[in-house]
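The values are calculated or read from the model by the stated rules, or taken from the named source; none is laboratory data. Note that the coordinates shown come from a computational prediction; the quantities given were computed from them, not determined experimentally. All Cβ positions, even for glycine, are placed from backbone atoms using ideal geometry, and neighbour counts span all protein chains on display.
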Amino acid sequence: MPHTTEIDLAYLNRINCNTEAQLQVLTPLRPIRLKTRLIGIDPDNAIILALGQDKYWQAAQDYITQGQGVVVRLINSDDPEANILAFRSQIKTLLNNAGRWLVVNYPKELQSVALRQHSRIPVHLAASIHERTAEGQASHVCSSGYLQDVSVTGGAYMGEEIEGGSLNKGYLLEVKFEQTLETLSVPIILKNIQPPEPGRSQYQYGFILDEPQGEEVPSDFAQKVIINHLMQQPKS
């Protein structure tokens, strides 16, 4: 029976060109995250990505060098299960002949997550729950803790007790992405409250995503959370 890594690598080899990708450059200070797209794959040899030209790529140009450590993430949105792949690699070379291409070494192993409609993906990201104003903005913090799992429609949060918290009440969930120093905010509705287990102090709050108020949509929220979870826990 094929090893899981072999199955994942076979899946990687079939991903279409122009698939959305993210390149995380591992710098001494903090990782730099860049948007790119897949140009092609040479199985067992190399992954070819587009070399970007926006201000973020320009700011990172000193680190885009041969041998630089990177983490690559691919989001196969053409797949009904929205597979997300992540792997560590090193920059192999830069090509400017047929186009502006960045070539990285082919991975020996990778992580993969299938974001199915009803699956719950375990994560561990710092988060907090806030009162929500009439305008949909965050007010004071009701609870600090972490996001425990996520799905296309909601998730579970572990943290301090929400004073006056009740089912079907709307709040704002803020998730902190430490690797990129970003904070993602989404409106939620509490659907389940579990008191602490013996010897513990944290409550578990199950929630669903409320109607989006802005550009964020539920599937985008789940994708971003999973990508950033993989970002802080890539396999070596």
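Kindly indicate whether LEU74 is touching a residue at least 60 places away in the same chain (Cβ under 8 Å), of a type outside the set (Phe, Trp, Tyr) and either within 16 Å of LEU230 (Cα to Cα) or touching a helix residue (DSSP H, G or I) at 6+ places or on another chain (Cβ under 8 Å) (or both). Yes. Of all residues in the stretch 51-80, those that are at pLDDT 90 or above, of a type in the set (Gly, Ala, Ser) and more than 22 Å from the chain's Cα centre (by Cα) total 1. Number of residues in the stretch 197-233 that are modelled with pLDDT under 55 and either touching a Leu at 6+ places or on another chain (Cβ under 8 Å) or buried (at least 19 other Cβ atoms within 10 Å of the Cβ) (or both): the value is 2. Just wondering, is there one or more residues in the stretch 87-97 that are closer than 16 Å to GLY40 by Cβ, surrounded by fewer than 17 Cβ atoms within 10 Å (Cβ to Cβ) and modelled with pLDDT of 90 or more? Checking the stretch 87-97: at least one residue is closer than 16 Å to GLY40 by Cβ, surrounded by fewer than 17 Cβ atoms within 10 Å (Cβ to Cβ) and modelled with pLDDT of 90 or more.
Mind checking whether some residue in the stretch 21-33 is more than 22 Å from GLU178 (Cβ to Cβ) and not small (Gly, Ala, Ser)? Scanning the stretch 21-33, I find no residue that is more than 22 Å from GLU178 (Cβ to Cβ) and not small (Gly, Ala, Ser), so the answer is no. Among the residues of the stretch 108-131, those identified as surrounded by 18 or more Cβ atoms within 10 Å (Cβ to Cβ), closer than 14 Å to ILE227 by Cα and at pLDDT 90 or above are VAL123, LEU125.
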